[in-house]
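The values are calculated or read from the model by the stated rules, or taken from the named source; none is laboratory data. These figures come from a predicted structure and were not determined experimentally. Here the Cβ positions follow ideal geometry from the backbone for every residue, glycine too, while neighbour counts run over all protein chains shown. Calculation scope for accessible area: heavy atoms of the full protein, side chains included, ligands and nucleic acids excluded. Shrake-Rupley method; radii C 1.70, N 1.55, O 1.52, S 1.80 Å.
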Amino acid sequence: MLAAPPALAEVKTPAVPQHDFVRAPVQMEEAGIYCPMDNLGTAPAPQTESGYILLMEGDQRVAVHDRLVPAQLGISFGVRIRLAPGTPADGYRMVVKHPAYGPSDMTMQSWDPNIGTGWGVRSFQFEYDRELQPGLWSMELYKEDTLMMRQSFQVVPPAQAPDAIDICFGNTFIS
């Protein structure tokens, strides 16, 4: 049995935009929740709270097409995006905005998304209890200083998003 931390138990769930926006040449195939997957290792990302990003293996696909994300270790949420064919891949930056957490109360993290013309997932995975912060989270992609994509997600206690828990962990009871 998994129990939500007390701060998660009293969350109100505001409406989450189902699709914020995507500007050409960025293309989005899907957005939602990803189940735990093996990773290939890490890459340095000094403007993140952990100092690294996970490198995932395989062709990830959304498990649940929802923007209501359970605050559960192992769960990832994000977007499957690419650049239109023929688009130069330099000058892009992924930014995740979220409620404050960690020793420095960080509210924004960024890294090089290594985006190209092939489809790929850019996501945030809950690895540590400190990250399980309820509230509005957004993933944004910038080309230099121009915002090219924004996708919003609402992180909630696991019991408020049981479909993702059931699909990713199989009939796990959450209280």
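Summary table
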read-out: Set Gln133, Gln160: member being under 20 Å from Arg67 (Cα atoms), touching a Ser or Thr at 6+ places or on another chain (Cβ under 9 Å) and buried (at least 18 other Cβ atoms within 10 Å of the Cβ); value: Gln160
read-out: Enumeration of residues in the range 124-141 that are within 12 Å of Lys97 (Cβ to Cβ) and of a type outside the set (D, E, K, R); value: Phe124, Gln133, Gly135, Leu136, Trp137, Ser138, Met139
read-out: Test: residue in the range 106-113 that is of a type in the set (S, T, N, Q), open to solvent by 20 Å² or more (accessible area, probe 1.4 Å) and over 30 Å from Ala159 (Cβ atoms); value: no
read-out: Checklist (1) out of contact with any helix residue (DSSP H, G or I) (no Cβ under 7 Å at 6 or more places or on another chain); (2) over 18 Å from Ala31 (Cβ atoms) applied to Tyr101, failing item; value: (1)
read-out: Out of Leu73, Leu54, sole residue that is at pLDDT below 95, over 20 Å from Thr146 (Cβ atoms) and out of contact with any His (no Cβ under 7 Å at 6 or more places or on another chain); value: Leu54
read-out: Hits in the range 72-97 - residues which are assigned to a strand (DSSP E or B) and open to solvent by 50 Å² or more (accessible area, probe 1.4 Å); value: Arg82, Arg93, Lys97
read-out: Extreme residue, most open to solvent (accessible area, probe 1.4 Å), among residues of the range 49-67 that are aliphatic (A, V, I, L, M) and touching a Ser or Thr at 6+ places or on another chain (Cβ under 7 Å); value: Leu55
read-out: From the options Ser152, Ser138, residue that is hydroxyl-bearing (Ser, Thr, Tyr), farther than 19 Å from Ser50 by Cα, surrounded by 14 or more Cβ atoms within 10 Å (Cβ to Cβ) and in contact (Cβ under 8 Å) with a residue 40 or more places away in the chain; value: Ser152
read-out: Scan of the range 104-115 for residues that are in contact with a strand residue (DSSP E or B) (Cβ under 6 Å, 6 or more places away or on another chain) and either in contact (Cβ under 8 Å) with a residue 60 or more places away in the chain or in a loop (DSSP other than H, G, I, E, B) (or both), ordered by number; value: Gln109, Ser110, Trp111, Pro113, Ile115
read-out: Considering residues of the range 89-122 that are at pLDDT 95 or above and among the polar types (S, T, N, Q) only, the residue farthest from the chain's Cα centre (by Cα); value: Thr117
read-out: Val121 of a type outside the set (D, E, K, R), open to solvent by 20 Å² or more (accessible area, probe 1.4 Å) and under 18 Å from Phe21 (Cα atoms); value: yes
